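Take a look at the structure set out below.
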Amino acid sequence: MGYKVVVAGATGNVGREMLNILAEREFPVDEIAALASRKSLGTEVSFGEKTLTTKDLDTFDFTGWDIALFAIGSDATKIYAPKAAAAGCVVIDNSSLYRYDPQVPLVVPEVNAEAVDGYAAKNIIANPNCSTAQMVVALKPLHDRARIRRVVVATYQSVSGAGKAGIDELWDQTKGLYVPGQEVEPAKFTKQIAFNVIPHIDVFLDDGSTKEEWKMVAETKKILDPAIKVTATCVRVPVFVGHSEAINIEFEDSLDWQEAQDILREAPGVLLVDKREPGGYVTPVECVGDYATFVSRVRQDPTVDNGISLWCVSDNLRKGAALNAVQIAEVLGRRCLKKG
C-alpha cells in the first residue's frame, strides 16, 4: 500500500523536479495530484511515463491525502498549508515560511533525519534554503569528528534560484548584448546579471547583511548545531543551474586535510572529487541533474588553528529543493507513516 501524494506548484521549476524525482526514486505512490494556480490550470506535467493535468490549488480538498510537497512561495503557503495540515495531509514546504518556527522541523535527511519525528505538532515539515542544504551535508560528518566552531562561506548562486524569471533574464540579457536593439535592462535582478556577479540576494537587513545570508546562519544553527558561528556572503552569478560555495571551517579539535577527505569520501550524500590537478574538481555544469553534493579543493587553512577550506557544488533545484523534499517524504514514510 503506497501513498496519496500532492505536488503543489507543479508547473514551476521546483515542482516539475519534485515530480521527476518522485518517479526516478520510485517513491511508493498510489495516487498523485499536480496542483497549480488558476492561471496555470489544465497545464500538463510529466510524472515518469504518465502525463498529469494540473488541478486548481484553490479548490482542492486535501482530505484523505497523505503527503503534500509545496513549491508555491510563502504567500500562497500561508493560505494553503494550514488547510492541508488540518485535513490530515503532512505538508513538506519548500518556502521560507515555517523554517524558523520552533514547532516545525527543518530537515536535511543526511544531517538530522530524526527531526522528522516532530512533524505532528503542526503536520508541517520545512525544507531549508538551497544554499544551506548543500552546505550542511558537507559540514555534518566533519562536525561529528572535530566539532565546528566557525564557518565562513561565500556562495556563487545560479539564477534558477530566482525562478524562471531569473533564468529568462540571464538568457535574454546575454543574447541582447550581442544583438543591437535587443538589449535587456535588469528587472528580476538589481544589476546586469549577464557576464557579471551581484553580491545581493533577497532584502537587506539593518546590520548590512541580506536575508539570504541571515537564512544560512539561522538554518545551519537549527539543523546542525546552535553553537556554530556562521558568516555568509551570498552572490548571484551568471550560471543557469547549480550553486557553488567556498567554505572555510574552523574546528575545536585538530583535523588534517587528508582525514577530512577520508571522512567526506564516506559521508552520505557527498561525492568527493578532489584530484589536485587541472580539472580535478567539480563545477556547476557537471552537477546538473545529479543527486550528490560534490566537494572539491579540500585543503588546510594555515591562518587559523584547526582550519580547513573546501569547495562545494550542488544542483540547487535538486538537493537544494526538490530532492531534499522527496528525501524528507521518504524518511517520514519510514519513520512515521509506515506505508508503502
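The values are calculated or read from the model by the stated rules, or taken from the named source; none is laboratory data. Remember, it's a predicted structure, so these values are computed and weren't measured experimentally. Methodologically, a virtual Cβ is constructed for each residue, glycine included, from the backbone with ideal geometry; neighbour enumeration extends over all protein chains shown. The protein model used for the area step is the full one, side chains on, heavy atoms only, and it has no ligands, DNA or RNA in it. Shrake-Rupley method; radii C 1.70, N 1.55, O 1.52, S 1.80 Å.
For this structure, a couple of remarks:
- Residue check, Ala84 assigned to a helix (DSSP H, G or I), open to solvent by 10 Å² or more (accessible area, probe 1.4 Å) and hydrophobic (A, V, I, L, M, F, W, C): no
- When residues in the range 258-292 are screened for being touching a strand residue (DSSP E or B) at 6+ places or on another chain (Cβ under 7 Å) and under 13 Å from Arg145 (Cα atoms), 3 of them pass.
- Scope the range 1-26; condition out of contact with any Gly (no Cβ under 6 Å at 6 or more places or on another chain) and surrounded by fewer than 19 Cβ atoms within 10 Å (Cβ to Cβ); matching residues: Met1, Lys4, Glu24, Arg25, Glu26
- Subset of the range 87-99 [touching a helix residue (DSSP H, G or I) at 6+ places or on another chain (Cβ under 6 Å) and either free of Cβ contacts under 8 Å to residues at least 60 places away in the same chain or surrounded by fewer than 18 Cβ atoms within 10 Å (Cβ to Cβ) (or both)]: Val91, Asp93, Ser95, Leu97
- Of the residues making up the range 47-64, one or more are more than 20 Å from Gly320 (Cα to Cα), polar (S, T, N, Q), touching a strand residue (DSSP E or B) at 6+ places or on another chain (Cβ under 6 Å) and not in a loop (DSSP other than H, G, I, E, B).
- Within the range 284-299, the only residue that satisfies the criterion of being assigned to a loop (DSSP other than H, G, I, E, B) and open to solvent by less than 40 Å² (accessible area, probe 1.4 Å) is Ala292.
- Lys39, sole failed condition from (1) open to solvent by 30 Å² or more (accessible area, probe 1.4 Å); (2) part of a helix (DSSP H, G or I); (3) modelled with pLDDT of 95 or more; (4) more than 20 Å from Gly289 (Cα to Cα): (3)
- Among the residues making up the range 175-223, those that are among the aromatic types (Phe, Trp, Tyr) and open to solvent by 30 Å² or more (accessible area, probe 1.4 Å) are Tyr178, Phe195, Phe204, Trp214.
- Taking the criterion of being part of a strand (DSSP E or B) and open to solvent by 10 Å² or more (accessible area, probe 1.4 Å), the residues of the range 300-317 that qualify are Gln300, Asp301, Ser309, Trp311.
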